[in-house]
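Participant: Below are the structure tokens for one structure; questions will follow.
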Amino acid sequence: MFERLRGHFSTLYDKITKSELRGKDLDKVLDEFHMTLLESDVALPAADYIRDQLKLRIEQLQFTRFSDPRGHVRGILQDILLSVLEKPGQVDFFRLVEEKKKKGEQLIVVFVGVNGTGKTTSIAKLSHILQKKRYSVILAASDTYRAGSIQQLEEHARRIGVKTIKHDYGADAAAVAFDAVNYARAHGVNVVLIDTAGRMQTNKNLLEEMRKIVRVTKPDLTLLVVDALTGNDALEQGKVFGEAVKIDGIILAKLDADVKGGSSISLSYILGRPVLLVGTGQGYDDLETFQAKEIVRNMTG
């Protein structure tokens, strides 16, 4: 992953350190770098911030004969990227689960996102990992808009061995979620994961349904699932969903296939919400906690 960004970053190191650029020459190189960030799906405000911070820090850098100028520039870029990724703060999902369990309460999580982002698959992966950590899980099939969605969630649940609460196709989605929460409380289940319709952002009825699910269940977390491969479309999705309900965090699916890498830089910075988890493959184990420092190391080479 991130092959394109790594290549751009390597070119930047070479251009700056081989000639110790200053003034207009440095501006030209950074403007070219800014354009490569945009071409890699880094959103404009984030690209602007990265370029401006690079200019400020590099102008203060003193290259010496015996120093490692390439390493200095790489270190500066790593610091800047880390500040971008960590701007919204961090949320430790599994720590929240444990805290709730100690209180004898359930962690209730609502998942939102458009069709095709990997939302239902991410729910299944998270269920599997929670079970491996010895937490009990129940799923709510609150995407009653499509019969196929209920079947898909049920099939995942069957494979990983968790219970699904469902109603008939076309039923009240909020009622399904409400029943799942009540079942979890009655049976001491640790975590409730609520699937919702992969609604198009412009469908006002489905957005209102999503608001109702949130009002009824009062979730601890509402997570937006986005596809890393969709680039700046993911930002637009996040903005629309964020206007409908309070988004607490992001799951970035299909990160392993993201050659450009811009989404992982931009999402948190623009939306002001942390990335909690990232999809790293097709298997049920392929969902990992977002590690900003590891992401930056991977990007910068």
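Participant: As an exercise, use a Förster radius of 30 Å and the Cβ-Cβ distance of ALA175 and LYS103 to find the FRET efficiency, rounded to the nearest 0.05.
Facilitator: Result of the calculation: an efficiency of 0.70.
Participant: Also, I was wondering about something else. Angle check, please: helix 93-102 long axis (alpha carbons) against the longest principal axis of the chain (alpha carbons), in degrees 0 to 90, nearest 10.
Facilitator: 40
Participant: Pick out, in residue order, every one of the trypsin sites (Lys or Arg not before Pro) in region 193-301 that is DSSP loop and has at most 15 other C-beta atoms within 10 Å; say none if there are none. Don't skip to the answer; put the middle values down first.
Facilitator: On the way: sites: ARG199, LYS204, ARG211, LYS212, ARG215, LYS239, LYS246, LYS254, LYS260, LYS293, ARG297; in loops: ARG199, LYS246, LYS254, LYS260.
Here the trypsin sites (Lys or Arg not before Pro) that fit, given the DSSP loop and packing criteria, are LYS246.
Participant: What distance in nm lies between label points placed 7 Å from Cα along the C-beta direction at ARG159 and THR11?
Facilitator: 3.9
Participant: Run the numbers on region 3-85 and let me know its relative contact order in percent, using alpha-carbon pairs under 8 Å that are six or more apart.
Facilitator: On the way: 45 pairs, mean separation 28.0, N = 83.
Here the relative contact order equals 34 percent.
Participant: Quickly rank 220-229, 280-289, 8-17 as a protection proxy: mean count of other C-beta atoms within 10 Å, highest first. Please list the in-between numbers first.
Facilitator: Values: 220-229: 23.4, 280-289: 15.3, 8-17: 18.6.
Taking the mean over residues of other Cβ atoms within 10 Å, the ranking is 220-229, 8-17, 280-289.
Participant: Which option, (i) 1.12; (ii) 1.18; (iii) 1.39, is the value of Cα Rg over 2.2 N^0.38 Å that was calculated from these coordinates?
Facilitator: (i)
Participant: Which whole-Hz couplings ³J(HN,Hα) result when phi for each residue of region 215-220 is put into the Karplus expression 6.51 cos²θ - 1.76 cosθ + 1.60, θ = phi - 60°, listed in order with x for Gly and Pro?
Facilitator: Karplus values, whole Hz, x for Gly and Pro: 4, 6, 8, 6, x, 6.
Participant: Continuing with this model, one more query. Taking only Cα atoms, what is the 0 to 90° angle, nearest 10, from helix 173-187's long axis to the longest principal axis of the chain?
Facilitator: Helix 173-187 and the main axis of the chain meet at about 80 degrees.
Participant: Note down the nm distance, to one decimal, between modelled labels 7 Å out along Cα→Cβ at GLU236 and at LEU44.
Facilitator: Each label point lies 7 Å from its Cα, and together they span 1.4 nm.
Participant: Please list 3J(HN,Hα) in residue order for region 136-142, calculated via the Karplus relation 6.51 cos²θ - 1.76 cosθ + 1.60 where θ = phi - 60°; whole Hz, with x for glycine and proline.
Facilitator: Listing the rounded values in order: 8, 9, 9, 10, 10, 8, 8 Hz.
Participant: If the reach is capped at under 20 angstrom between alpha carbons, list the lysines near LYS166, excluding any in the same chain fewer than eight residues apart.
Facilitator: By straight Cα distance, LYS166 reaches LYS119, LYS125, LYS212, LYS218.
Participant: Given LYS15/LYS55; LYS28/LYS55; LYS103/LYS163, which pairs have Cα atoms separated by over 20 Å? Write out the running numbers ahead of the final one.
Facilitator: Details: LYS15/LYS55 14 Å; LYS28/LYS55 11 Å; LYS103/LYS163 23 Å.
Correct reply: LYS103/LYS163.
Participant: Which whole-number percentage describes the relative contact order of the chain, with Cα contacts under 8 Å and a sequence gap of 6 or more? List each step's numbers first, then the result.
Facilitator: Numbers: 551 pairs, mean separation 80.6, N = 301.
27 percent.
Participant: Run lengths n ≥ 4 of DSSP H only: what is the helix-derived mean residue ellipticity at 222 nm for the chain, with -39500 (n - 2.57) per run over all residues, to the nearest 500?
Facilitator: Working: 12 runs with 166 residues, N = 301.
The helix-only estimate for the chain comes to -17500 deg cm²/dmol at 222 nm.
Participant: So, one more: LYS218 versus GLU59, label points 7 Å from Cα toward the beta carbon: distance in nm?
Facilitator: 5.3
Participant: Helix 232-244 against the longest principal axis of the chain: what's the angle in degrees, Cα atoms only, rounded to the nearest 10?
Facilitator: Once rounded, one gets 50 degrees.
All of the numbers you see were taken from the coordinates with simple rules; none came from a lab. Since this is a predicted model, take the numbers as computed values, not measurements. Positions of Cβ are generated from backbone atoms using ideal geometry, with glycine treated the same way; all protein chains shown enter the neighbour counts.
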